[in-house]
Amino acid sequence: MKMEREVLAKPAVAPLEVARLRQDFPILGERINGRRLVYLDNAATTQKPQSVIDTIASYYRHDNANVHRGVHALSQRATDAYEAARANVMRFVNARAPEEVVFTRGTTDAINLVAQSFARPQLREGDEVLVSAMEHHSNIVPWQLVCQQTGAALRVAPIDDAGDLIVDAYAALLRPRTKLVAVTHVSNALGSIVPLARVVALARAAGIPVLVDGAQAIAHMPVDVQALDCDFYAFSGHKILGPTGIGILYGKASRLEAMPPYQGGGDMIRSVTFERTVYNDLPYKFEAGTPNIAGAIGLGAALDYMRGVGVEAIDAHERALLADATARLAAIPGLRIIGTARDKAGIVSFTLEGVHAHDVGTILDHEGIAIRAGHHCAMPVMAQFGVAGTARASFALYNTHDEIDALVAGVERVRRMFR
């Protein structure tokens, strides 16, 4: 345990100038029910800096055209910006080449692409796909569908009462019939950080490919896909200060080359006759139709912003917020924190005795405090902890300790109302 904690230790970084950063996010000046907005629902979606908003608007004002298909100036400018965004993603996650970066509609779309294009062709009856017990529905349902289509079985690696993956139990489930491991990087419902280095190494030793759902990790900690050695890594733009409707599937080139297209249509082809279609090169083979050009360009601007702030500094800031919020919420009588893993990202889920989670969320909203309440698209997690849902506060680089004060005071008011 001591050795693992030493590995998890973070180097000292300069603190964020949060007051200055908040000025970059125009929505944080909004007033809700006459009160200043306290936005603590970042696990659902993050707010957007002015630079991202301006980049998207500039594309539509000055460069709007379809990509890869025109010789005129606007098309060339749009194509250059679109492909520059792909190269930006490559650098941000340390992929080997732009060809390993596929634009999708989001994490869910990326996982479904792997399920249908990578897993389905090779799965046979009796084969197994292994997930963890803390997965989002988007990393459960696509595998259920592909198992129904092929006769394969879905297996589940358990978590303990703290919300940590039980690694020994996971290792025992890696069997000759296991054809894929699909695991989250960070639990959206618990905040638990999966020890991916061990998870991937164990699968790699058994010759099993690994997909990582990185939706909740990408904006909060450094991600290096080469160091992780995962086969696939999926995330969404809107979780990392970018627009909705755009996502990324990183895949090792050797894996992507071997996969058939997921969808057919324009831009994923080299030539088409009624007798035969020759597919395009990577990554375009998986990008049928007109893409979300503005979304990709906006995502590139979001990554530029993240890089300018510093992901390590963001990680340290959010860990401090989490420690503050966890200690102070845990001191409230009748409040139970759901998810107390050894290593967590900036997510704290909780229940309040005698109060429905939706009532907590609704009353806090009247105070201008935005949290999430419900099952968080992680119903198996809720079932394991014996709750129908939780109230969830989740942090980002622009949140402050004053906002933790507001959250704690708001939850105290809720408790007093229901005594």
Please report how far the C-alpha centroid of segment 301-343 lies from that of segment 395-419, rounded to the nearest whole angstrom. 14 Å
If you rank ILE248, ILE363 by fewest surrounding Cβ atoms within 10 Å, what's the result? ILE363, ILE248
Find how much the distance from VAL278 to ARG177 grows on full extension, using 0.36 nm per residue of separation minus their present alpha carbon separation; answer in nm with one decimal. 33.1 nm
Grab the Cα-Cα distance for ARG416 and ALA258, subtract it from 0.36 nm times how many residues apart they are, and report the gain in nm with one decimal. 50.9 nm
Two-decimal log10 I(q)/I(0) for the chain, as the Debye equation yields it once each C-alpha is a single scatterer, q = 0.11, 0.12, 0.13 Å⁻¹: -0.85, -1.01, -1.16
Loop GluC sites (Glu not before Pro), segment 216-318, which have at most 16 other Cβ atoms in a 10 Å radius of their Cβ (DSSP): GLU275
Taking a crude spin-label model, label points 7 Å out from Cα along the C-beta direction, the ARG36 to ARG96 distance in nm is 5.0 nm
Separation of the SER51 and ASP405 label points, Cα + 7 Å toward Cβ, nm: 3.0 nm
Exposure proxy ranking, count of Cβ atoms within 10 Å, fewest first, for CYS147, CYS377: CYS377, CYS147
Going by Cα centres, segment 225-282 and segment 348-382 are how many Å apart? 36 Å
So, relative contact order of the chain in percent, Cα under 8 Å, 6 or more apart, is 23 percent
Quickly estimate the mean residue ellipticity at 222 nm for the chain, helices only: each DSSP H run with n ≥ 4 gives -39500 (n - 2.57), and the total goes over all residues, rounded to 500. -11000 deg cm²/dmol
Set the Förster distance to 25 Å, then compute FRET efficiency between HIS356 and ALA331 from the Cβ-Cβ distance, nearest 0.05. 0.70
For segment 349-407, calculate the relative contact order in percent as a whole number, restricting contacts to Cα pairs under 8 Å that are 6 or more residues apart. 38 percent
Rounded to two decimals, the Rg over Rh value of segment 49-112 from Cα coordinates and the Kirkwood Rh reads 1.01
Residues ARG77, ARG416 in order from fewest to most other beta-carbon atoms within 10 Å are ARG416, ARG77
LEU74-ALA320 pseudo-label distance in nm [points 7 Å out on the Cα-to-Cβ vector]: 4.7 nm
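Each value in this text was obtained by applying a stated rule to the coordinates, not by laboratory testing. Since this is a predicted model, take the numbers as computed values, not measurements. In this analysis, Cβ positions are derived from the backbone assuming ideal geometry, glycine residues included, and neighbour counts consider all displayed protein chains.
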